[in-house]
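What follows draws every value from the coordinates through simple rules; no lab data is involved. Computed from a predicted structure; not experimentally measured. We place every Cβ from the backbone using ideal geometry, glycine too, and count neighbours over all the protein chains shown.
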Amino acid sequence: MSLTFYLDKGASLDPQAPCLTLDGESRSYAEVVDLSHAVARALRRSGVAPGDKVGVLSANDPTAFSCVFGIARAGAVWCPINPRNAAGENAELLDLFDCVALVFQPAFDDLVAQIAPRLPKLTTLVRLGEGDDLAVGFAEWLAAARDDPSAEAAPPGDVVALVGTGGTTGRPKGVMLTDRNIEAMSAITLMSYPFPGRPVYLALAPLTHAAGVLCFPVLARGGEVVIMAKPDVGRFLELIERHRVTHTFLPPTLIYMVLAHPALKDTDLSSLRCFWYGAAPMSAARLAEALDRIGPMAQLFGQSEAPMMISTMAPAEHRNPDGTVNPDRLSSAGRPSPLVTVAILDPAGKSVPTGERGEICVRGSLVMAGYYRNPEATAEVSAHGWHHTGDIGFLDPDGYLHIVDRAKDMVITGGFNVYSAEVEQALMAHDAVRDCAVVGLPDDKWGERVTAVLQLQPGAELDPAELIAFVKERIGGVKAPKQIEVWPDLPRSSVGKVLKTEIRATLTTSR
């Protein structure tokens with residue numbers, strides 16, 4: 001099932017309904033469908049064949065996102081390229097993916113000029129604006145293929161997207177997502193969360209990542225996608241009220257900014273039905289605050305290799321039958337989703353008893369086809385017939401999944417395993433802490449010492465000794481930080497995840 005299915009399904013419900021909206025201007029479903037056909041014709045005229053790889057390098061933009069459906073109509077493979085990546089990483093991804101064409105925004109002219117000469121396979125460059133010496137202009141490119149016959153084609157395989165894992169822990173890998181993966185993700189989304197009527201989805205997070213794939217189930221329901229070209233928390237709140245937004249997604253870091261924004265208390269959020277959070281662990285204390293001040297929060301847990309929906313928790317599941325918040329569930333990632341099997345395995349690939357910790361492993365049609373041109377990494381992550389997420393967790397007696405850490409982030413101190421996520425939850429319960437990261441640093445006495453780096457709330461002050469005592473009361477002395485650092489901000493990846501590798505490197509160098 002091509003990615004065009006979701007657009008065409010929405011168009012069948014009402015071709016004139018708003019599909020993609022930016023700055024108050026909407027394109028109807030019919031207009032986006034027509035543009036996707038034009039892009040498919042232009043790709044074919046440029047020599048792009050079914051199965052070829054086409055990159056899209058753009059901030060959130062309706063034209064760029066429309067090109068995704070044109071790529072699918074031509075039977076080519078969509079390769080989302082994150083503009084926040086460093087030039088070297090994007091060049092590496094485009095080369096790894098064997099991209100033959102790149103569609104890009106003029107804002108990234110310098111980046112493209114820097115990397116294009118290093119990519120001989122990249123034979124077609126399309127600029128979403130006027131043409132220049134480097135690339136053909138978008139309108140000119142479409143016009144040259146106006147009289148070509150329809151370019152609708154099926155890809156020779158079932159891969160519809162190649163997604164980079166990012167290079168924060170080594171060389172990036174290309175995740176091969178199939179039509180079946182996207183279909184499973186969309187089906188899980190529609191069956192697990194409330195979708196009354198036609199949804200209005202607000203996309204602030206990058207469309208190259210979670211915010212983009214969440215558009216597919218929204219479009220299948222004939223919904224409207226309201227696009228934000230750049231992050232702005234104040235405008236985000238304004239758009240929820242103006243467009244009567246029903247669904248949106250933000251990573252925890254941005255949700256913390258929403259909670260701290262002075263406009264929140266005066267914004268009408270009554271239209272919201274589903275405010276997804278995910279992509280990183282969220283403080284249970286901040287989540288309880290969000291439930292009170294924002295409303296219908298909805299958990300999702302996934303990764304590029306099993307997109308978005310390994311486990312889900314709808315807004316109603318955050319509360320008890322009497323409407324009170326269920327505190328035990330706030331630290332969970334919800335229950336394994338209906339089309340996914342989850343197991344907690346030990347290093348030998350054996351299931352551990354309920355409540356015991358091990359690696360979270362997954363089976364089902366949500367799991368990727370493998371890593372592009374990397375059979376060794378594919379075999380490693382597929383050991384024992386399961387997809388290995390690299391996350392440590394457990395299932396509680398009620399079937400809720402709890403993620404306690406990334407396997408590589410566990411700290412071994414004094415012979416004890418300390419899960420950094422558990423320490424971070426305790427730190428985030430303090431009112432002065434806005435965000436934090438916990439890492440292990442070499443220590444002559446303990447082997448590794450638990451070290452916390454904090455970002456404080458605006459105007460807050462904190463006594464490290466008082467905070468250590470605060471954490472000890474909650475999780476004990478072994479897990480409490482031995483060292484606390486306060487930084488103005490934490491280093492983050494292009495999608496907002498805290499980069500613990502950089503934190504470790506900085507702290508180790510400064511010793």
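Just a few scattered comments:
- Ordered by the count of other Cβ atoms within 10 Å of each Cβ, fewest first, T208, T189 give T189, T208.
- The coefficient of translational diffusion for region 68-135, derived via Stokes-Einstein from the alpha carbon Kirkwood radius under 10 °C and 1.306 mPa s, stands at 128 µm²/s.
- Contact order normalised by residue count of the chain, Cα under 8 Å, 6+ apart, percent: 11
- Label point 7 Å beyond Cα of V478 along Cβ direction - residues of region 348-385 with amide nitrogen under 19 Å: 355-359
- Full extension of the segment from A429 to S28, taken as 0.36 nm per residue of separation minus the current Cα-Cα distance, would add 139.8 nm.
- Rounded to the nearest 500, the helix-only mean residue ellipticity at 222 nm of the chain stands at -9000 deg cm²/dmol, with each DSSP H run of n ≥ 4 adding -39,500 (n - 2.57).
- Residues of type aspartates and glutamates that K497 reaches as a straight line, Cα spacing below 18 Å, ignoring anything fewer than 8 places off in the same chain: E89, D232, E305, D391, D405, D409, E422, E424, D435, D489
- Rg/Rg_ref, region 410-509, where Rg_ref = 2.2 N^0.38 Å and atoms are Cα: 1.02
- With respect to the chain, whose longest principal axis is taken over its alpha-carbon atoms, helix 4-13 is tilted by about 80°.
- Shown in residue order for region 66-82 are the 3J(HN,Hα) couplings computed by the Karplus curve 6.51 cos²θ - 1.76 cosθ + 1.60 at θ = phi - 60°: 4, 4, 4, 6, x, 4, 5, 5, 7, x, 8, 10, 6, 10, x, 10, 6 Hz (x for Gly and Pro).
- Legend: residue pairs K445/K500; K408/K445; K350/K445, Cα-Cα distance threshold 26 Å; pairs beyond threshold, K350/K445.
- Histogram of C-alpha separations across the chain, 20 Å bin width, %: 22, 56, 21, 1
- Order of M428, M1 - criterion: other Cβ atoms within 10 Å of each residue's Cβ, fewest first: M1, M428
- The antiparallel fraction among DSSP beta bridges confined to region 26-157 stands at about 0%.
- As a calculated quantity, the FRET efficiency between E238 and E356 at R0 = 45 Å, using C-beta atoms, amounts to about 0.45.
- Between the alpha-carbon centres of region 440-461 and region 1-65 there is a gap of 47 Å.
- The alpha-carbon atoms of region 26-157, seen along their principal axes, cover 37, 33, 24 angstrom, with the largest extent given first.
- Percentage relative contact order, region 410-509, counting C-alpha pairs under 8 Å, at least six apart: 27
- Among 472-481, 139-148, the peptide with the highest mean count of other Cβ atoms within 10 Å heads the list, and the full ranking is 472-481, 139-148.
- Antiparallel content of DSSP bridges confined to the chain, in %, to 5: 55
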